[in-house]
1. Would you grab the residues whose amide H sits under 5 Å from the one on Val105? Only those 5+ places off in sequence or on another chain, please, with H modelled 1.01 Å from N.
2. Determine which aspartates and glutamates satisfy two conditions relative to Lys202: a Cα distance under 18 Å, and not lying fewer than 8 residues away in the same chain.
3. Using a simple charge model, +1 on the beta-carbon of Lys and Arg, -1 on the beta-carbon of Asp and Glu, nothing else, what dipole does region 35-207 show about its Cα centre, in debye to the nearest 20?
4. Could you derive backbone 3J(HN,Hα) for region 180-188 from the dihedral phi with the Karplus parameters 6.51, -1.76 and 1.60 (θ = phi - 60°), listing whole Hz in sequence and x where the residue is Gly or Pro?
5. Can you give the Rg and Dmax of region 35-207 based on its C-alpha atoms, in angstrom?
6. Evaluated at 25 °C with a viscosity of 0.890 mPa s, what Stokes-Einstein diffusion coefficient in µm²/s does region 140-212 have when Rh comes from the Kirkwood expression over alpha-carbon pairs?
7. Among the GluC sites (Glu not before Pro) within region 30-84, which fall in a DSSP loop and have no more than 10 other Cβ atoms within 10 Å of their own Cβ?
8. Considering Cα pairs under 8 angstrom that are at least six residues apart, work out the relative contact order of region 108-171 and quote it in whole percent.
Amino acid sequence: MNPVWIRRLAALALVPLIAGVATLSSQAKDEAMAPSAEVGKQAPNFTLTDTEGHQHSLADYKGKVVVLEWFNPDCPFVKKHHELHHSMIECANKAQETGVVWLAVNSGAPGKQGAGLERNVAARAEYEMKYPVLLDEDGKVGKMYGARTTPHMFVIAADGSLAYQGAIDDNPSPTELGDLNYVMAALNALQNGKAIGTANTKSYGCSVKYAS
């Protein structure tokens, strides 16, 4: 057989093999990105270090209600709730008064907007945050929870189950507050032993600045 045709046939034989490898690679990537946090199920445990060097594990707060706030200090939507209206701090302060644990998580990769130890140390002071900012620079925890935006809120019940995930309120404007604060509504329902009316909403804000 002509050597040229032999090479062509060999190349054609490799096409499905290469396609199969690409498909498997794509599936593996999708599975790695798929969140394991789901409302009604146990919230996945994690351990992260905050800007002051203290470690926090979700397991440390067993028996307590926990709020996770995905954070990027330079995102306009975060500024809306921290700087323009102070709504995030007000919610956190009210929640902490009732024993709720409130944690901010920054999943921004090094070099990305709002990421890094120095920027987040400064942001805590700027925004007068009385709760820690946990750094998740490799994005593993953010992806595990399916955090898409800043802010993206998660409320974990005292039994460890994820009770709410989504937006902080019902107005995706970068400047105006909503009429309904979903996080406070969820916390009030948990405190009073009632079912949460809206347990899943679509978060809004800047995209989480994961590593490429």
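Since every read-out is calculated from the coordinates, none of them should be taken as a lab result. As the structure is a computational prediction, the values presented were derived from the model and not from experiment. Because the Cβ atoms are built from the backbone with ideal geometry, glycine has one as well, and the counts that use them run over all protein chains shown.
1. Glu69, Trp70, Phe71, Leu134
2. Leaving aside aspartates and glutamates fewer than 8 places away in the same chain, those within reach of Lys202 are Glu38, Glu69, Asp169, Asp170, Glu176, Asp179.
3. So the dipole magnitude of region 35-207 works out to roughly 400 debye.
4. With the stated coefficients, region 180-188 comes to 10, 8, 5, 5, 5, 5, 5, 5, 5 Hz.
5. 14.5, 43
6. 189 µm²/s
7. Loop-located and lightly packed - Glu52.
8. 22 percent
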